[in-house]
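Each remark here refers to the structure printed beneath this line.
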Amino acid sequence: MPLVMEDIILRQKKGVYQILTPKFKTKLEYFLDAFEDYREEYIGRIDPSMFKELPYVDFDKDVWKLRQLDIELIKKIIPKSGKTLEIGAWNGWLSNRLVEMGCEVTALDFFTHHLDGLGAHKYYSNDWLTVQMNLDDLGNINGKYDLIVLNRCLPYFIDLNKTLSQLTFLLRPGGNTFDYWN
Ligand SMILES: C[S@@+](CC[C@H](N)C(=O)[O-])C[C@H]1O[C@@H](n2cnc3c(N)ncnc32)[C@H](O)[C@@H]1O
């Protein structure tokens, strides 16, 4: 049963929590149907056994070579543990590596496909919390984090200044944000 608070829906669907307004949910379902059709050929080539190895795979080299560099950089600069919010977590490749590094991860995204979104969580042996939500609604999150990671996500925010002040509020005093894209 969904738990409805004000106009927010919080419920669990196939292991992924949802925090969505009914209005955004309707728009999102329409978008995801079309986007998954568009990605069908790519998704069809994904072997779920590769998730645990990401980013060190021989598949879609342009994407994963860059993420091999990302993880090396992240390992150098982030704390070894702590409550971590990963924003725009996609298929969980980085959430998995952050858990391996000792972080307690909450991963946010609006893609939930089991081969191309948060639903891929089930193919990893590590565990973390996955939440489907609109990244422009970060104000709906309760809690404080030691680390907030936005890897290759900054271009997706409509109002970056608003997002940055929401992130400041979510960051525990003395915590870190890791933002990277180019
Ligand atoms: C370029 S991918 C980056 C994925 C991952 N962080 C990485 O480093 O590989 C951007 C991600 O942001 C998500 N995203 C973009 N806009 C979003 C929004 N408004 N709400 C939720 N997720 C969003 C996409 O679904 C996608 O998974």
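Working from label points 7 Å from Cα in the Cα-to-Cβ sense, the LYS52 to LYS122 distance is 1.7 nm. Placing unit charges on the Cβ atoms only, positive for Lys and Arg and negative for Asp and Glu, gives the chain a dipole magnitude near 540 debye about its Cα centre. With the charge dipole of the chain set up from +1 on Lys and Arg Cβ and -1 on Asp and Glu Cβ about the Cα centre, the Cα lying farthest toward the positive end among the listed residues SER49, THR130, GLN166 is that of GLN166. Computed from phi, the 3J(HN,Hα) profile of segment 14-24 under the Karplus parametrisation 6.51, -1.76, 1.60 (θ = phi - 60°) reads 6, x, 10, 6, 10, 10, 9, 6, x, 5, 5 Hz, with x in place of Gly and Pro. Taking amide H atoms as placed 1.01 Å from N in the peptide plane, the amide H of VAL149 lies under 5 Å from those of LEU85, GLU86, ILE87, PHE178, each 5 or more residues away in sequence or on another chain.
Taking other Cβ atoms within 10 Å as a rough exposure proxy, ILE87, ILE71 sort from fewest to most as ILE71, ILE87. Relative contact order of segment 37-135: 25 percent, from C-alpha pairs under 8 Å at least 6 residues apart in sequence. Each DSSP beta bridge with both residues in the chain is either parallel or antiparallel, and the antiparallel ones are about 25%. Ranked by how many other Cβ atoms sit within 10 Å of their own Cβ, fewest first, the residues MET50, MET133 fall in the order MET50, MET133. Considering only TRP90, MET101, THR112, the residue lying farthest towards the positive end of the dipole of the chain is MET101, judged by Cα position with unit charges set on Cβ. Considering only THR26, PRO79, CYS153, the residue lying farthest towards the positive end of the dipole of the chain is PRO79, judged by Cα position with unit charges set on Cβ.
Kirkwood hydrodynamic radius computed over the chain comes to 16.9 Å, based on all pairs of distinct alpha carbons.
Taking other C-beta atoms within 10 Å as the exposure proxy, ILE19, ILE77 rank ILE77, ILE19 from fewest upward. Tell me, what is the FRET efficiency for THR26 and ASN142 to the nearest 0.05, using R0 = 22 angstrom and their Cβ-Cβ distance as r? The formula returns an efficiency of 0.35 here.
Do any of LYS25/LYS144; LYS52/LYS162; LYS27/LYS76; LYS14/LYS144; LYS83/LYS122; LYS13/LYS83 go past 28 Å between their Cα atoms, and which?
Violating the 28 Å limit, Cα to Cα: LYS52/LYS162; LYS27/LYS76.
Sequence-distant contacts, meaning Cα pairs under 8 Å at least 6 residues apart, place the relative contact order of segment 3-180 at 20 percent.
Each value in this text was obtained by applying a stated rule to the coordinates, not by laboratory testing. Predicted model only: the values in this text are computed from it and were never measured. We place every Cβ from the backbone using ideal geometry, glycine too, and count neighbours over all the protein chains shown.
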